Amino acid sequence: MFHAQILTLFPEFFDSPLSCSIPKRAIAAGIVKVDTIQIRDFATDKHNKVDDSPYGGGPGMLMKPGPVVAAIRKARQIDPATHVVMLTPSGTRFSQAKALEFTEKPGITLLCGRYEGFDERICDYVDEEISLGDYVLSGGEPAAMCLLDAVIRLLPEVLGSPESAALDSFSEEGILDWPHYTRPEEFEGKRVPGVLLSGNHAKIEKWRDDQAALRSRKRSSESDDE
Ligand SMILES: C[S@@+](CC[C@H](N)C(=O)[O-])C[C@H]1O[C@@H](n2cnc3c(N)ncnc32)[C@H](O)[C@@H]1O
């Protein structure tokens, strides 16, 4: 069973996304176990303080090393082989390849920041720093949930058809999924491409490959222009 531990100040954030659809089924089937650990439980002062102001001045507060490192140690004590991932905008960009790499770990621990982020020394206690993209979220929880969802759907036996994940966008580097259509055959004057109604499987497969390649090239030239 794949074991995910989430270190967070807001464990309740995960209740809803883990209680529907694919994550819910994966948990019920015993393929994945998700536990949250409340970082505040590791605060040592009487006010349970987990944040403090930055040395050198400046706005906002930072997550103090003491409670966060104690929470990481707890996760490693529960699961000594866990791979500890800090969610941070300055980390390596998350990708489908990274999601697949994480499925091969015995388990992961996702460290969620809040406020202006972490005291830099906390980085020495994690295995990897991951960013979801070049934008700033209010906290690591939405990033951790996206990452976990992408990992869960790649775990063996989670998807009804194992082919689904293999055909998803990015399962081959840089290659997007092809366009899909369902009923009705015509919607507000827009018709389903005729080849998909032809029943000719070789032609359909070629059309899909061509469309996927076209989209992927378009996307790649758009990112080159940025
Ligand atoms: C408000 S952000 C801190 C942003 C930080 N001051 C900066 O500019 O890089 C608070 C927390 O949200 C999480 N976070 C925000 N954006 C993220 C992103 N793009 N990827 C992963 N985590 C993110 C991190 O855990 C971060 O510590």
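Rounded, prolate or oblate: which fits region 174-225 when a ≥ b ≥ c are the square roots of the eigenvalues of the alpha-carbon gyration tensor, with rounded for a/c under 1.5 and prolate only if a/b beats b/c? Because a/c hits 1.5 or more and a/b fails to exceed b/c, region 174-225 counts as oblate. The packing ranking of peptides 64-71, 190-197, 51-58, highest mean first, is 64-71, 190-197, 51-58, where packing means the average number of other beta carbon atoms within 10 angstrom of each residue. Counting only DSSP beta bridges with both residues in the chain, tell me the antiparallel percent, nearest 5. If we restrict to bridges inside the chain, about 15 percent are antiparallel.
Note on the chain: with charges restricted to the Cβ of Lys and Arg (+1) and Asp and Glu (-1), its dipole about the Cα centre is near 500 debye. Cross-link reach is defined here as a Cα-Cα straight distance under 14 Å, omitting same-chain residues fewer than 8 places apart; for Lys74 the aspartates and glutamates meeting it are Asp35, Asp41.
Please say if the chain is rounded, prolate or oblate, where rounded means a/c under 1.5 for a ≥ b ≥ c the square roots of the C-alpha gyration tensor eigenvalues, and otherwise the choice is prolate for a/b larger than b/c and oblate otherwise?
Since a/c reaches 1.5 and a/b is larger than b/c, the shape of the chain is classed as prolate.
Going Cα to Cα from Lys206, which aspartates and glutamates come in below 14 Å? Please leave out same-chain ones fewer than 8 positions away. Qualifying aspartates and glutamates at Cα under 14 Å: Asp177. Straight Cα distances below 25 angstrom link Lys203 to the lysines Lys190, Lys218, with same-chain residues fewer than 8 positions distant left out. Each residue, Glu128 and Asn48, gets one label point 7 Å from its Cα in the Cβ direction; the gap between the two is 3.2 nm.
Using C-alpha pairs below 8 Å separated by at least 6 residues, the relative contact order for the chain is 19 percent.
Each Lys or Arg adds one and each Asp or Glu subtracts one; over the other residues with Cβ under 15 Å from the Cβ of Leu196, this totals 0. Neighbours of Val151, meaning other residues whose beta-carbon lies under 11 angstrom from its beta-carbon, give a summed charge of 0 when Lys and Arg score +1 and Asp and Glu score -1. Model label sites at Ile78 and Asn200, defined 7 Å from Cα along the beta-carbon direction, differ in position by 5.7 nm. Between the listed residues Tyr125, Pro80, Cys112, the Cα displaced farthest toward the positive end of the dipole of region 78-126, a dipole computed from Cβ unit charges relative to the Cα centre, is found at Cys112.
Given the DSSP H assignment, sum -39500 (n - 2.57) over each helix run of at least 4 residues in the chain and divide by its residue total; what's the result at 222 nm in deg cm²/dmol, nearest 500?
Mean residue ellipticity at 222 nm (helix-derived): -10000 deg cm²/dmol.
Between Asp209 and Ser161, residue separation times 0.36 nm minus the direct Cα-Cα distance comes to 15.3 nm.
Amide H contacts of His83 (H built 1.01 Å from N, in plane; Pro and chain starts excluded): Gly107, Ile108, Thr109 sit under 5 Å, all sequence-distant by 5 or more or on other chains.
For the pair region 89-119 and region 1-50, the centres of their Cα atoms are 15 angstrom apart. Annotation: amide H of Gly117 within the under-5 Å range of Met63, sequence separation 5 or more or interchain, hydrogens built in the peptide plane.
How much of the accessible area of the chain, probe 1.4 Å, is carbon plus sulfur, in whole percent?
Carbon with sulfur: 51 percent of the solvent-accessible area.
Which residue, Ser138, Ser16, Ser169, has the most motion in a Gaussian network model of the chain that connects Cα atoms within less than 10 Å? Residue with maximal mean-square fluctuation among Ser138, Ser16, Ser169: Ser16.
The values are calculated or read from the model by the stated rules, or taken from the named source; none is laboratory data. Remember, it's a predicted structure, so these values are computed and weren't measured experimentally. Reconstructed Cβ throughout: ideal geometry from the backbone, glycine too, with neighbour counts over all protein chains shown. Ligands, DNA and RNA are stripped out before the accessible areas are found, and what is left, the full protein with its side chains, is counted by its heavy atoms. Shrake-Rupley method; radii C 1.70, N 1.55, O 1.52, S 1.80 Å.
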